[in-house]
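One structure below.
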């Protein structure tokens, strides 16, 4: 009898420790840069596309930026703040050119700067500044105007049936590891099954 009580006590403590370790929620999002416009030269009607895009997205550690573009026509480079301001595409921090480039934000909070690796594209506003762990990037939209003014500049995309205004997207993909409720439910079921067999 004492052996069964010791075994049940050990299992209960183990289960409690396991539940405490797993109860945290892990959320990460993958954002498609430019939403429907993808990564390319902004149109003259929407020249501040990427500055506005960064204002709509609050990035955190674990998130990813997906740059989609024709690999024969464009590329993405990560640059310093100074290179971003001056559109200097020499000596990038990171060079991506496969047309389906994924930048994972895993190392630090702060500001990240991207531009096209094609000469002349940065000067035509194909560049992106994002802030991780902050309130969005500073990629060219007047901050004094406030977030309510951004809706007036929301991009419209041409379709086969005409213009359709598109609200800012949340995420194209998300990953949820678990929630506290799910862990407690699973733990209760395992505990009940274990008790039934003992």
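The values are calculated or read from the model by the stated rules, or taken from the named source; none is laboratory data. What you see is a predicted model, and the numbers here were worked out from it, not measured in a lab. Glycine gets a Cβ as well: all are built from the backbone with ideal geometry, and neighbour counts include every protein chain shown.
Data table
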read-out: Some residue of region 41-51 being more than 30 Å from residue 188 (Cβ to Cβ), assigned to a loop (DSSP other than H, G, I, E, B) and in contact with a strand residue (DSSP E or B) (Cβ under 9 Å, 6 or more places away or on another chain); value: yes
read-out: From the options 64, 101, 116, residue that is in contact with a strand residue (DSSP E or B) (Cβ under 9 Å, 6 or more places away or on another chain), under 18 Å from residue 36 (Cα atoms) and modelled with pLDDT of 95 or more; value: 116
read-out: Residues of region 4-31 classified as modelled with pLDDT of 80 or more and touching a helix residue (DSSP H, G or I) at 6+ places or on another chain (Cβ under 9 Å), total; value: 1
read-out: Sole residue being over 18 Å from residue 52 (Cβ atoms) and either under 20 Å from the mean Cα position of the chain (by Cα) or loosely packed, with under 14 Cβ neighbours inside 10 Å (or both), chosen from 77, 89; value: 77
read-out: Check on residue 34, surrounded by 20 or more Cβ atoms within 10 Å (Cβ to Cβ) and at pLDDT below 90; value: yes
read-out: Qualifying residue in region 86-93 (condition: part of a strand (DSSP E or B) and at pLDDT 95 or above); value: no
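Residue by residue, here is whether (1) assigned to a helix (DSSP H, G or I); (2) surrounded by fewer than 19 Cβ atoms within 10 Å (Cβ to Cβ); (3) free of Cβ contacts under 8 Å to residues at least 24 places away in the same chain; (4) more than 14 Å from the chain's Cα centre (by Cα) holds:
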| site | (1), (2), (3), (4) |
| --- | --- |
| 62 | no, yes, no, no |
| 95 | no, yes, yes, yes |
| 106 | no, yes, no, no |
| 115 | no, no, no, yes |
| 128 | no, no, no, no |
